[in-house]
Amino acid sequence: MEQGTIDWRKANDEVSQFKRGHADVLKWEQANDAATKEAPVVAPDLWLKTADAAVRQAWRARPELTSSLSQLGTANQERIAQGRWLEVDPSVRRHVDDFDSVLDVAVDTRKAWWNAVAAQAGLKLQQDMQEASSAAAELARRMARVGNWSRMEQAQSQSKLGNVKLQTLKSAAEAKQAQIALLKTLKLWGISSSVGLPDSLPEVPDQPIAAEAVQKGLKAVRAVLPRSEGLRVQGTAQQAFDIYNASYAAARLSQDEQKLRQFIYDETVLRYNGMLLSVWDLLTETATQLQSSVTSINTKRDLLIAEADLHWVLQGGEPANFVSIGAGGGASAE
């Protein structure tokens with residue numbers, strides 16, 4: 001039977017045979033599929049609910065920075081830990097030993113923390129996509145069994161599930177590597193096995209950093225650097241600001257798209273419950289909505305990293321590379 005002539009009411013009746021019924025079709029798990037079973041919850045060794053908490057933990061792990069942090073003062077420590085670097089007068093470097101090391105640890109830790117949070121959130125969404133794909137594959141199997149679908153259509157659904165499972169394995173590996181990178185930055189690798197993290201990254205700010213603030217910061221840092229370094233910082237700052245602006249625009253667009261996809265998904269659910277749309281419409285829209293959420297997470301992460309790089313440059317730092325807009329995996333460009 002052609003897909004366009006399928007009795008969707010009968011197909012939906014097939015869905016009702018799932019152990020959790022219509023309302024929870026997307027949470028269905030195959031009884032014999034170990035890959036979709038939830039792993040036992042293991043309490044993390046350490047909770048770091050904010051990036052600034054991670055920075056303070058990284059500083060504590062480096063006793064050689066104790067004197068430098070003391071010279072920096074509590075107020076400036078808080079500004080740097082919280083990412084408010086534009087509020088730190090670059091002239092502070094004149095009376096703080098190893099000032100650059102303090103900043104290096106802060107920026108590396110913030111980046112590692114954001115990467116870990118994004119990877120964890122992305123894995124959760126990927127697992128949700130796998131559940132939806134598993135439900136679709138099982139429905140296809142049942143429909144093929146009663147003659148509503150061909151074996152080819154069933155095979156296509158099974159192939160899609162295989163691809164999603166492969167991506168889930170990749171996401172799980174990325175999340176694990178991000179945790180390891182964070183533990184190494186915190187000097188806890190080999191001591192702790194996991195860090196507790198929040199479920200999401202901060203929302204995109206309503207307004208980006210203003211060009212005037214960047215110029216003010218650039219002028220302040222050039223005043224305390226040798227001329228050659230000041231010229232280097234000026235060129236790097238323009239590059240960092242361009243990438244920051246592009247990252248901000250991408251994150252705003254992605255956030256707006258996510259809200260739109262959520263609205264479409266909610267409307268799809270209403271129409272599905274009213275028997276106006278098929279379960280396939282619901283499953284397709286679910287996958288689209290989840291992928292939109294993954295993209296939003298990645299663009300938020302890239303924006304946060306781009307902002308950190310900009311702040312770092314305006315304190316005299318020189319990132320080895322910058323975020324590549326649209327790379328989708330936190331890749332960087334020279």
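The values are calculated or read from the model by the stated rules, or taken from the named source; none is laboratory data. As the structure is a computational prediction, the values presented were derived from the model and not from experiment. Here Cβ is always computed from backbone atoms with ideal geometry, including for glycine, and neighbour counts include all displayed protein chains. Ligands, DNA and RNA are stripped out before the accessible areas are found, and what is left, the full protein with its side chains, is counted by its heavy atoms. Shrake-Rupley method; radii C 1.70, N 1.55, O 1.52, S 1.80 Å.
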(request) Once you have the Cα-Cα distance between residue 159 and residue 267, take 0.36 nm times their residue separation minus that, and quote the gain in nm to one decimal. (result) 36.1 nm
(request) Could you pull out every residue, at least 5 positions away or on a different chain, whose amide H is within less than 5 Å of the one on residue 323? Hs are placed 1.01 Å off N in the peptide plane, and Pro or chain starts have none. (result) 333
(request) Please give the FRET efficiency for residue 61 paired with residue 276, using the beta carbon to beta carbon distance and R0 = 45 Å, rounded to the nearest 0.05. (result) 0.20
(request) For helix 279-313, report the angle its Cα long axis makes with the longest principal axis of the Cα atoms of the chain; keep it between 0 and 90° and round to the nearest 10°. (result) 10 degrees
(message) Relative contact order for the chain: what percent, with Cα pairs under 8 Å and sequence separation of 6 or more?
(response) 23 percent
(request) Report the full-extension gain for the segment residue 219 to residue 150: residue separation times 0.36 nm, less the Cα-Cα distance, to one decimal in nm. (result) 17.9 nm
(message) I'd like the orientation of helix 51-60 relative to the chain: the angle between its Cα long axis and the longest Cα principal axis, in ° from 0 to 90, rounded to 10.
(response) 50 degrees
(message) Quick one: 3J(HN,Hα) in Hz for region 101-106, Karplus 6.51/-1.76/1.60 with θ = phi - 60°, rounded, Gly and Pro as x.
(response) 5, 4, 5, 4, 5, 5
(request) With a 1.4 Å probe and every protein chain kept in, tell me what percent of the accessible surface of region 183-224 is carbon plus sulfur. (result) 53 percent
(message) Could you compute the net charge surrounding residue 109? Neighbours are other residues with a C-beta less than 12 Å from the C-beta of residue 109; K and R count +1, D and E count -1.
(response) +4
(request) For each pair in 49/259; 49/165; 111/300, compute the distance between the two Cα atoms and list the pairs where it is over 23 Å. (result) 49/259; 49/165
(request) In whole Hz, with x marking every Gly and Pro, tabulate ³J(HN,Hα) for region 61-78 from phi via Karplus 6.51 cos²θ - 1.76 cosθ + 1.60, θ = phi - 60°. (result) 6, 10, x, 5, 9, 4, 5, 4, 5, 5, 5, 5, x, 4, 4, 6, 4, 5
(message) Output the 0 to 90 degree angle, nearest 10, between the alpha-carbon long axis of helix 227-273 and the longest principal axis computed from the alpha carbons of the chain.
(response) 20 degrees
(message) Ignoring everything except DSSP H segments at least 4 long, calculate the 222 nm mean residue ellipticity for the chain; use -39,500 (n - 2.57) per segment, divide by total residues, nearest 500.
(response) -22000 deg cm²/dmol
(message) Given bins 10 angstrom wide, list per bin the percent of all Cα-Cα distances in the chain, short to long.
(response) 5, 22, 26, 20, 13, 9, 4, 1
(message) To the nearest 20 Debye, how big is the dipole of the chain about its Cα centre, given +1 on the beta carbon of each Lys and Arg and -1 on that of each Asp and Glu?
(response) 440 debye
(request) Go through region 130-144 residue by residue and turn each phi into a ³J(HN,Hα) via Karplus (6.51, -1.76, 1.60, θ = phi - 60°); whole Hz please, and just put x for glycine and proline. (result) 5, 4, 5, 5, 5, 4, 5, 5, 5, 5, 4, 4, 5, 5, 5
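Can you tell me the length gained on complete extension of the stretch residue 259 to residue 180, counting 0.36 nm per residue apart and subtracting the Cα distance? Walk me through the numbers before you get to the answer.
Details: separation 79, 0.36 × 79 = 28.44 nm, distance 3.22 nm.
Full-extension gain reported as 25.2 nm.
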